[in-house]
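The block underneath contains the structure these notes are about, expressed in structure tokens.
Derivation of every value follows stated rules applied to the coordinates shown; laboratory data play no part. The shown structure was predicted, so the numbers you read here are calculated from the model rather than taken from an experiment. With ideal geometry, Cβ positions are generated from the backbone for all residues, glycine too; neighbour counts draw on all protein chains shown.
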Amino acid sequence: MGTYIKRELVYEGKAKKVFGTDADGVCIVEYKDEATAGNGAKKGVIPGKGAVNNRVTNRLMRLLEGHGIPTHFIEELDDVSAAVRRVEIVPLETIVRNIAAGSLAARLGLAEGAKLHSPVLEYCYKNDALGDPMVNEYHIVAMGWASHSELETIAEYSFMANAVLGEYLRGAGIELVDFKLEFGRADDGKILLADEISPDTCRFWDIKTGKKLDKDRFRRDLGGVEEAYNEVLERLFGQG
Ligand code: UDP
């Protein structure tokens with residue numbers, strides 16, 4: 001394992017801190033137990049969430065790397081932190097959906113749980129003050145947030161990730177309903193999958209019972225939040 005000396009805090013978000021290190025182009029991500037929902041309107045602490053999200057993210061990033069998706073992940077450092085390649089984040093949330101839920105169900109008047117005939121890709125502009133508005137490719141290119149060819153890469157990686165994660169999670173008895181990805185540019189301009197893939201950023205439903213094993217338990221006050229996060233961890237690591 002590499003040893004990195006933690007340096008300046010470069011970013012603090014709602015669920016993570018990112019530090020520079022003594023190594024060129026390497027950052028340390030530290031996951032927090034704090035949770036927010038509704039664009040910061042609801043706040044709380046989910047004990048152990050940081051460790052679950054770190055370990056689940058690292059496992060899924062490694063899986064995706066193995067399937068040809070370049071990621072920022074370097075290595076896990078401890079329970080709540082990982083070394084990652086420093087990237088310039090593309091200011092988009094890329095969402096892939098397999099089953100109607102959340103904002104899609106609300107916007108189109110669909111029952112939550114309605115099957116979609118094919119996966120849906122959506123982009124939102126990352127801007128808390130504006131409430132992360134949905135945008136399309138034309139907005140993204142016109143605003144200079146990403147080029148057309150970068151978006152092609154982002155879309156390709158997103159659908160690949162959907163296929164790989166969907167199959168892997170099914171093996172753990174989990175239905176991948178929808179999820180959010182973020183991408184960044186490395187120093188050489190290459191697009192890398194970045195940020196996290198965890199119960200904070202995905203909808204995970206138990207395949208048999210439909211039980212929610214993700215942040216919706218916190219968002220919707222369903223109880224058993226900590227247990228659900230641990231359940232995801234156990235299922236993924238129990239799978240070997
Ligand atoms: N999501 C996320 N961060 C956000 C918004 C959404 O990680 O700021 C994830 C969310 O967990 C879900 C997917 O993206 O897996 C789609 O979320 P949706 O648009 O349905 O919004 P929500 O119902 O969460 O407001």
**Study point:** Fluctuation leader among Tyr123, Tyr138, Tyr31 - the chain, Gaussian network, Cα springs under 10 angstrom
**Key:** Tyr138
Exercise for review: Select from Ser118, Ser81, Ser198 the residue whose mean-square fluctuation is largest in a Gaussian network model of the chain (Cα-Cα springs shorter than 10 Å).
Suggested key: Ser118
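What is the gain in length, in nm to one decimal, between Val120 and Leu9 on full extension, counting 0.36 nm per residue of separation less the C-alpha to C-alpha distance?
Value of the extension gain: 36.4 nm.
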Practice item. Given a cut-off of 22 Å, name the pairs among Lys17/Lys49; Lys49/Lys115; Lys16/Lys190 whose C-alpha atoms lie farther apart than that in the structure shown. Key: Lys49/Lys115; Lys16/Lys190
Exercise for review: Compute the Rg to Rh ratio over the range 129-240 from the alpha carbon atoms, using the Kirkwood formula for Rh, and round to two decimal places.
Suggested key: 1.04
Review point. Using a Gaussian network for the chain with springs between C-alpha atoms less than 10 Å apart, which of these wobbles most: Asp206, Asp78, Asp195?
Key: Asp78
**Study point:** Part-to-part distance (alpha-carbon centres) for the range 72-98 and the range 120-169, which is given in Å
**Key:** 15 Å
Point to revise | Asp132, Asp200 arranged by Cβ crowding within 10 Å, fewest neighbours leading | key: Asp132, Asp200
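Tell me, rounded to the nearest percent, the portion of alpha carbon pairs in the range 49-174 spaced more than 18 Å apart.
Details: 5025 of 7875 pairs.
Every Cα pair in the range 49-174 considered, those over 18 Å come to 64 percent.
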Review point. In straight Cα distance, which aspartates and glutamates are under 14 Å from Lys14, not counting same-chain residues fewer than 8 positions off?
Key: Glu30, Asp33, Glu34, Asp128, Asp195, Glu196, Asp200
Check your understanding: How high is the FRET efficiency between Asp187 and Phe237 when r is their beta carbon distance and R₀ equals 35 Å, given to the nearest 0.05?
Key -> 0.60
**Study point:** Fewest-first sequence of Asp221, Asp24 by Cβ atoms within 10 Å of each Cβ
**Key:** Asp24, Asp221
Point to revise | Equivalent ellipsoid dimensions for the range 1-79 as semi-axes, Å, which come from the Cα gyration tensor, largest first | key: 23, 17, 12
Point to revise | FRET E, pair Ala163, Lys208, Förster distance 30 Å, beta-carbon r, rounded to 0.05 | key: 0.85
**Study point:** Gyration tensor over alpha-carbon atoms, the chain, equivalent ellipsoid semi-axes in Å
**Key:** 25, 23, 18
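Could you put Arg235, Arg220 in order, starting from the residue whose Cβ has the fewest other Cβ atoms within 10 Å?
The fewest-first ordering by Cβ neighbours comes to Arg220, Arg235.
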Study note, to complete from the structure: At q = 0.18, 0.23, 0.35 1/Å the base-10 log of I(q)/I(0) from the Debye formula over the alpha-carbon atoms of the range 83-124 is -0.59, -0.76, -1.23
